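Scroll down for the structure; my scribbles are underneath it.
The numbers here are math on the coordinates, done by the rules we state, and not lab data. Given the structure is predicted, the values throughout are model-derived calculations rather than measurements.
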Amino acid sequence: MIAAARSKRLKSLMQGKRATSFLACRYVAGKSVAEAVVRAEALQAEQGIRASLFFMGEYVDSLELVEENVARKLEAAAALSETGLDLHISVDPT
């Protein structure tokens, strides 16, 4: 699974095909923290569904990417704390 997660070829295949893009529409709330929070709020308000937000940043191998991951997790925590939505932060170091 780690090899699959790191595969540029597999990433291109999954992200570049319409046949697989429906998964992203169903399970990915957005390309930014703001988009994810809006989607989570809508699910809660419209359907009573509680959402979990995950920033997928595992398998990084540079200090710059680690810093980016930390910044995005802090951004997500701050954004969620302002909404009243559940707050859960998962950190998966590699």
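Stretch Ala45-Val60 to full length: gain in nm at 0.36 nm per residue minus the Cα-Cα span?
Stretched fully, the Ala45-Val60 segment lengthens by 1.9 nm.
Pulled fully out, how much extra length does the chain show between Ser81 and Ala4, if you take 0.36 nm times their separation in residues and subtract their Cα-Cα distance?
So the extension gain works out to 24.4 nm.
Full-extension gain between Arg72 and Val91, please, as 0.36 nm times their residue separation minus the C-alpha to C-alpha distance.
Result: 5.7 nm gained on full extension.
Which of the aspartates and glutamates could be linked to Lys8 by a straight reach, that is with a Cα gap under 17 Å, when you skip same-chain ones fewer than 8 residues away?
Glu58, Asp61
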